[in-house]
Every structure is written in structure tokens, then in C-alpha cells.
Amino acid sequence: SPLESADKLPMEAAARFLRALAYYNLAVTYGDVPLKTTPSAHDGVAVPRSPKNEVFELVRTDWEFAYENLPEKDDDGFATKWTAKAYLGKLYHTLGCQGDNTAWEKAKACFDEVMPKYRLADKFSDLFVDYVQGSPESIFQLNFALAGSTTRNRGSWLVAPNGSCNGQAWDRIRASKA
């Protein structure tokens, strides 16, 4: 059966949030990247690189769409409107660092909206358990399992703490009982 329009918008918003996240990471890491926004047959694979500013413009519009159409709250691992607004602020911060002085105020405005929606966890050590659920600090989280493996997977470098190597630093981070 066809989806109702009310169901389609949040699904499209979630997809566009994730597309923007992928393109943001690609553009920050590589600069100009191939930009593909429409489905195509296998013969449409070779796409030239698009300028980074065009990629960031797509990211901006996708995260704005996500902000307008995602729910205020969702299960862990799913983006919300506040996730989209926080990442929009991150984009503006990135643009500010690259010389766009008008982006700083936009970043601050985004972060000012997001900050009241979150708070620090009561117990710091709760952030480092095997499966964190419902953390008041979490804007967008990808859960992991201690039994998991990052062998031959360099993707964790994008989301692991700075200075860690392939996600292996997680075992080195321990909260002490105060």
C-alpha cells in the first residue's frame, strides 16, 4: 500500500540527514567530491567532482529539510530535528573556519537552539558502558558492542575520538569511581 504523505516526510528527512552526513564527511576529508542526487543506471557511475562549496550547499539544504521534518524525539541511533540543527551548526562552524565570517553567527544561533535540549549525564562513567541508551548528552549516537571488531575498517577513524587508532582507544578510556 502507498505510504501516507505524513509518513513520507519523516522518512525522506531521515534519508536526507544521512546523505548530508555522508557528503559532509566526504567533503571535509577530500574536498571536491562527486555529487550524485538522483538515481541512475550503472552507466551513470562516472561522475566528475563537484566543488566543495556545492557539496556543502547540498548538505545545508538537506539538514535544513531534516530539521523541518524530523520528530523532536526518536529512538537512539535515529536523527531528530535537534540532531539536524546541531549538525547544521557544525556545518556553519566548518564554513566559518574556512573563511566565511557570516557563518559564525549562524553556527552560534544553531547551537543556542540545541543546547537547552541536552544536558550532561549524571554519571560520567555511564557514557562508557557496552550499550548506552537514552543518554541526555547524546545528540546522535552510533552504538557499539565490545565484541565487535574494527579490523580493516578505517571508517571508525571519522567517528572515533581524536588520536585513537582505528577505534582501539575505547579500551583505554575508563571512568574512575569518584
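Read-outs throughout are calculated quantities, based only on the coordinates presented, and are distinct from any laboratory measurement. These figures come from a predicted structure and were not determined experimentally. Neighbour counts are summed over all protein chains in view; Cβ atoms, including those assigned to glycine, are modelled from backbone coordinates with ideal geometry.
Here are the numbers for this structure:
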{"read-out": "Out-of-range pairs (alpha-carbon distance over 19 Å; input Lys52/Lys85; Lys8/Lys81; Lys81/Lys117; Lys81/Lys108; Lys8/Lys73; Lys81/Lys106)", "value": "Lys52/Lys85"}
{"read-out": "Pair-distance profile P(r), taking every C-alpha pair of segment 31-135, with 10 angstrom steps and integer %", "value": "13, 32, 30, 20, 5, 0"}
{"read-out": "Burial ordering of Lys123, Lys106, fewest other beta-carbon atoms within 10 Å first", "value": "Lys123, Lys106"}
{"read-out": "Inter-site label distance for Gln98 and Lys123 at 7 Å from Cα along Cβ, in nm", "value": "4.3"}
{"read-out": "Order of Arg49, Arg119, Arg60 - criterion: other Cβ atoms within 10 Å of each residue's Cβ, fewest first", "value": "Arg119, Arg49, Arg60"}
{"read-out": "Cβ-based net charge around Tyr24, under 11 Å, with every Lys or Arg adding one and every Asp or Glu removing one", "value": "+3"}
{"read-out": "Highest average packing first - 77-83, 87-93, 50-56, Cβ atoms within 10 Å", "value": "87-93, 77-83, 50-56"}
{"read-out": "5 Å binning of all Cα-Cα separations within segment 1-73, expressed as whole percents from 0 upward", "value": "3, 16, 21, 19, 18, 12, 7, 3, 0"}
